[in-house]
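Note sheet for the following structure.
The values are calculated or read from the model by the stated rules, or taken from the named source; none is laboratory data. Predicted model only: the values in this text are computed from it and were never measured. So basically every Cβ, Gly included, is an ideal-geometry build from the backbone, and we count neighbours across all protein chains shown. Each accessible area value is taken on the protein alone, full model and side chains, heavy atoms only, with ligands, DNA and RNA left out. Shrake-Rupley method; radii C 1.70, N 1.55, O 1.52, S 1.80 Å.
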Amino acid sequence: RGRAAPRVRCVAEPIQKEAVRTRVKRNVNLGKLQAGYLFPEIARRRNAHLAQNPDARIISLGIGDTTEPIPKVIAEAMEAAARGLSTLEGYSGYGAEQGQGALRGALASTFYKGLGVKDSEIFVSDGAKCDISRLQLMFGPALSVAVQDPSYPAYVDSSVMLGQTGEYDTGVQQYRNIVYMPCTPQNNFFPDLSATPRTDVIFFCSPNNPTGNTASRAQLEELVAFARKNGSIIVYDSAYAIYVEDDSPKSIYEIPGAREVAIETGSFSKYAGFTGVRLGWTVVPDELQYEDGFPVIRDFNRVMCTCFNGASNIAQAGGLACLSPEGLAAMQELVAFYKENTRMLRATFTELGFSTYGGVNAPYVWVQFPGRSSWDVFEEILTKADIVTTPGSGFGPGGEGFVRASAFGHRKNIVEAIDRLKKLYGK
Ligand code: PLP
């Protein structure tokens with residue numbers, strides 16, 4: 001006859017009490033953050049446009065989220081791992097907080113071959129963005145920080161949250177106590193280090209989001225020499241390294257002397273469509289030390305063990321499959337697809353007469369609109385062509401006058417976007 005259905009109890013409505021407010025003070029650092037993160041603001045404007053034009057078929061060249069399916073060989077490995085969890089032999093619970101040994105080994109031998117990076121120096125995680133915040137937590141509020149301007153917003157915002165900065169100065173559109181290193185066409189997107197004050201930490205991203213530019217070997221040698229001279233730590237974000245097709249370095253550890261001054265963070269997000277799966281890693285070399293000689297790796301290990309319990313075992317199975325010969329080939333094919341999108345977008349903007357940067361070693365094209373505000377251009381492209389881009393000024397004041405076009409998209413959407421852009425800006 002089966003089990004009795006669960007009984008539903010009727011409870012009287014609670015009597016409405018007087019509204020109360022806690023006596024908890026808001027974290028003042030969170031109060032310093034400006035009008036929301038860039039992408040929610042873009043989503044708000046997109047939705048407003050859609051509300052007014054319900055028939056608009058919006059194409060997004062905005063947020064840098066991947067669009068193409070995860071290659072089968074990689075997805076199947078995750079499927080097998082997930083199925084395995086329902087068996088005695090295949091089940092696993094908490095893993096090592098630092099990641100599975102096999103994956104750490106595969107990362108070392110695939111991306112750091114010949115660079116002296118040990119398996120034990122690689123910490124597998126749920127993504128580069130999360131690692132950036134955990135690195136900030138490790139650094140603490142007392143440190144000073146420099147960022148490229150423009151830059152990926154997570155460096156600045158996590159710095160603000162941790163209390164490393166002062167208030168936002170609306171005049172210059174910068175937070176106090178952060179060193180913004182301008183990266184513009186005038187300096188070939190590499191900061192003038194002779195004019196850059198010393199900071200404890202330097203966030204540096206190459207290939208760069210948003211400019212799509214890649215630092216050359218000589219420039220990275222200069223950066224490492226600068227950090228060594230000043231006793232600074234570089235946090236090198238290599239989330240797009242796989243997109244490099246020329247001889248620009250793919251890792252900061254290609255530069256001699258970097259091991260004593262650099263941490264590197266990487267991600268499977270843009271390599272294999274893992275933005276939703278979540279898998280990344282951070283390298284902390286044994287030689288990297290604080291002023292008092294204490295190894296930084298020991299603190300990072302402590303942070304990972306306290307704030308993180310290891311990446312999902314299913315995601316790690318996917319990561320391992322990414323690094324198999326078939327997985328590597330599949331990732332290259334996926335990246336080649338996005339690179340072709342990038343080439344097409346770049347060619348279009350160039351053809352339309354815009355100065356266009358990046359878009360060779362990175363899935364982003366950085367387009368200049370001299371004398372115009374980025375948000376105005378964003379609105380123009382949104383309202384006249386139903387295309388979402390990203391306003392350059394959202395990445396810092398150095399991005400004013402630019403918009404970023406992301407090449408993550410289905411080919412038919414990229415083709416259609418190109419068509420609309422030609423109609424909007426063609427002579
Ligand atoms: N670093 C850079 C420069 C990025 O552009 C992104 C994502 O857009 C990330 C890190 C985030 O990577 P993950 O998805 O691994 O958190």
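With every protein chain kept in place and ligands, DNA and RNA left out, what is the accessible area per residue of the chain? Probe 1.4 Å, answer in Å².
48 Å²
Can you give the convex hull volume of the alpha carbon atoms of the chain per residue, in Å³?
Taking only Cα atoms, the chain has a hull volume of 217 Å³ per residue.
Percent relative contact order of the chain, based on C-alpha pairs within less than 8 angstrom and at least six residues apart?
22 percent
To check you understand DSSP bridge types, tell me what percent of the beta bridges within the chain (both residues inside) are antiparallel, rounded to 5.
So the antiparallel bridges in the chain amount to around 55 percent.
How large, in Å, is the range 178-314 by the Kirkwood hydrodynamic radius built from its alpha-carbon pairs?
16.1 Å
Can you return the aspartates and glutamates within cross-link range of K412? Criterion is Cα-Cα under 19 Å, with same-chain partners fewer than 8 residues away left out.
Cα-Cα hits under 19 Å: D55, D65, E68, E333, E340, D386.
Write down, largest first, the equivalent ellipsoid semi-axes of the range 258-416 in whole Å, where each equals the square root of 5 times an eigenvalue of the alpha-carbon gyration tensor.
36, 22, 14
When the Cα centres of the range 397-415 and the range 208-269 are compared, how far apart do they sit, in Å?
The range 397-415 and the range 208-269 have Cα centres spaced 24 Å from each other.
Among 190-200, 289-299, what's the highest-first ranking by average C-beta atoms within 10 angstrom per residue?
190-200, 289-299
Report the extension gain between D419 and N188 in nm, rounded to one decimal, defined as 0.36 nm multiplied by the number of residues separating them, less their alpha carbon distance.
80.2 nm
Over the range 178-294, what is the relative contact order in whole percent, taking alpha-carbon pairs under 8 Å and six or more residues apart?
Relative contact order of the range 178-294: 20 percent.
What number results when the radius of gyration of the range 344-404, computed over Cα atoms, is divided by 2.2 N^0.38 Å?
Here the answer is 1.04, to two decimals.
In deg cm²/dmol and to the nearest 500, what is the mean residue ellipticity at 222 nm of the chain if only DSSP H runs of at least 4 residues count, each as -39500 (n - 2.57), divided by the residue total?
Taken over the chain, the calculation gives -11500 deg cm²/dmol.
Beyond 13 Å, what percent of the Cα pairs of the range 65-109 remain?
Tail fraction, whole percent: 70.
Compute the relative contact order of the range 345-426 as a whole-number percentage, counting only Cα pairs closer than 8 Å that sit 6 or more residues apart in sequence.
Details: 123 pairs, mean separation 24.5, N = 82.
Taking the mean separation of contacting Cα pairs over the length of the range 345-426, I get 30 percent.
Say each of L33 and Q16 gets a label point 7 Å from the Cα, pointing the same way as Cα to Cβ; how far apart are those two points in nm?
About 3.2 nm, to one decimal.
List the lysines whose Cα lies under 21 Å from the Cα of K118, skipping any in the same chain that are fewer than 8 positions away.
K250
Using a probe of 1.4 angstrom, how much of the accessible area of the chain is carbon and sulfur, in percent?
Details: 10740 of 20470 Å².
Heavy-atom surface of the chain belonging to carbon and sulfur, 1.4 Å probe: 52 percent.
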